[in-house]
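S.K.: Following this message is one structure expressed as structure tokens.
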Amino acid sequence: MRLKEKSVVVTGASSGMGRAIVELFVKEGANVIAAARRRERLEELAASLEGKGGRVLVCPADVSKLEDNEAMIDMAVKEFGRLDVLVNNAGIMDDMSPIGEVSDEKYEQVMRVNLYGPLCSMRKAVQVFLEQKSGGSIINVASVGALRSVAGAVYCASKAALVSMSKNTAFMYMNEGIRCNVIAPGGIETEIASSMGMPNMTGYSRVKKILDAAPAQGSAEDIARAALFLAGDESKYVSGDLMVVDGGWIAG
């Protein structure tokens with residue numbers, strides 16, 4: 001097992017990429033704190049993985065709140081004795097508004113989930129890693145939207161900022177053995193579009209031209225396999241990397 005007895009926190013764990021990451025990590029021996037807002041889905045996930053490898057503990061959490069981010073890290077240390085890996089997967093879309101039509105409310109909502117949440121959990125995780133003195137791995141899930149304009153202004157900005165914050169973290173803590181990497185998914189079959197609601201038609205009409213050139217959607221398992229590599233010892237010399245998982249969509 002590639003993650004045997006590793007202590008892991010995964011956000012956005014109730015569906016999509018987060019759920020796939022939890023499932024794969026547990027089968028590889030990890031003990032996982034599965035964090036998300038929907039308790040019933042988390043409990044169903046935990047029940048489905050009983051006896052499959054590692055343990056799964058449920059942690060209902062809203063990553064836009066400081067106290068919830070800190071609580072899930074504390075839970076991992078309390079229940080598993082340490083923290084080895086943090087996966088910041090939770091995220092929401094904006095409504096594809098161009099900058100001239102962005103509302104303050106949408107800015108606040110998207111930034112608190114996509115950037116402030118990872119900031120809070122990373123800060124807490126780094127403090128734990130430093131105390132443990134044995135390194136650690138942070139994996140942040142961004143988007144090709146950080147590299148290309150395939151969403152609205154706020155979503156793209158939030159993911160680009162997450163990439164920058166991740167690279168800074170990798171640099172700042174490289175001497176302490178704390179790694180921080182980013183996965184940038186392309187079109188993946190998940191429920192994230194449901195967080196968008198009614199799109200801004202000005203922005204959507206522009207973005208659709210790019211979306212129409214995308215390959216067939218990837219699966220949540222594609223992202224889980226990338227996360228497994230970054231979580232394990234096979235990537236022990238990889239830090240500050242941006243791993244694009246998009247089937248070659250933005251390579252041209």
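The values are calculated or read from the model by the stated rules, or taken from the named source; none is laboratory data. Since this is a predicted model, take the numbers as computed values, not measurements. Backbone-built Cβ (ideal geometry, glycine too); neighbour counts: all protein chains shown. These accessible areas exclude ligands, DNA and RNA; they are computed on the full protein's heavy atoms, side chains included. Shrake-Rupley method; radii C 1.70, N 1.55, O 1.52, S 1.80 Å.
S.K.: For region 1-119, compute the orientation-averaged projected area of the C-alpha convex hull (one quarter of its surface), in nm².
M.R.: 7.6
S.K.: Related question: Using +1 on the beta carbon of Lys and Arg, -1 on that of Asp and Glu, and nothing else charged, what's the dipole of region 207-252 about the Cα centre, debye to 20?
M.R.: For this selection, approximately 200 debye.
S.K.: Could I ask something else about it? Pop out the Kirkwood hydrodynamic radius of region 97-252 from its pairwise C-alpha distances, inverse of mean 1/r, in Å to one decimal. Can you show the working numbers first?
M.R.: On the way: mean 1/r = 0.0603 Å⁻¹.
Evaluated over region 97-252, this radius sits at 16.6 Å.
S.K.: With a 1.4 Å probe and all protein chains left in place, how much accessible area per residue does the chain have, in Å²? Write out the running numbers ahead of the final one.
M.R.: Working: 11670 Å² over 252 residues.
Result: 46 Å² of accessible area for each residue.
S.K.: Compute and list, largest first, the equivalent-ellipsoid semi-axes of region 59-119 from the alpha carbon gyration tensor, each √(5λ) rounded to a whole angstrom. Kindly include the intermediate steps, with their values, before the conclusion.
M.R.: Details: eigenvalues 181, 20, 11 Å².
Three semi-axes, in Å: 30, 10, 7.
S.K.: Can you tell me what percent of all Cα-Cα pairs in region 88-164 are more than 15 Å apart?
M.R.: Counting every Cα pair in region 88-164, those more than 15 Å apart make up 56 percent.
S.K.: Quick one: which of Lys6/Lys208; Lys124/Lys159; Lys4/Lys167 span more than 30 angstrom between C-alpha atoms?
M.R.: Listed pairs above 30 Å: Lys6/Lys208.
S.K.: Kindly point out which whole DSSP H helices in the chain project their C-alpha atoms 20 angstrom or further along the helix axis while averaging a Kyte-Doolittle hydropathy of 1.0 or above.
M.R.: The answer is none, since no helix passes both cut-offs.
S.K.: Moving on. Sum up the charges of everything whose Cβ sits under 13 Å from the Cβ of Gly218, counting Lys and Arg as +1 and Asp and Glu as -1, but leave Gly218 out.
M.R.: Result for the neighbourhood of Gly218: -3.
S.K.: Pick out, from Val113, Ile92, Asn69, the residue whose Cα sits farthest towards the positive end of the charge dipole of region 1-144, with +1 on the Cβ of Lys and Arg and -1 on the Cβ of Asp and Glu.
M.R.: The residue sitting farthest along the positive end of the dipole is Asn69.
S.K.: Now a separate question. With charges set only on the Cβ (+1 for Lys and Arg, -1 for Asp and Glu), what does the dipole of the chain come to about its Cα centre, in debye to the nearest 20?
M.R.: Computed charge dipole of the chain: roughly 400 debye.
S.K.: How big is the dipole moment of region 82-203 about its Cα centre under a simple scheme where the beta carbon of each Lys and Arg is +1, that of each Asp and Glu is -1, and everything else is neutral? Debye, nearest 20, please. Before the final figure, lay out each step's value.
M.R.: Values: 10 positive and 11 negative charges, 113 e Å.
Using only the charged Cβ atoms, the result is roughly 540 debye.
S.K.: Got a sec? Charge dipole of the chain, +1 on Cβ for Lys and Arg, -1 for Asp and Glu; which of Ala224, Met172, Gly12 is way out at the positive end?
M.R.: Positive-most Cα among the choices belongs to Met172.
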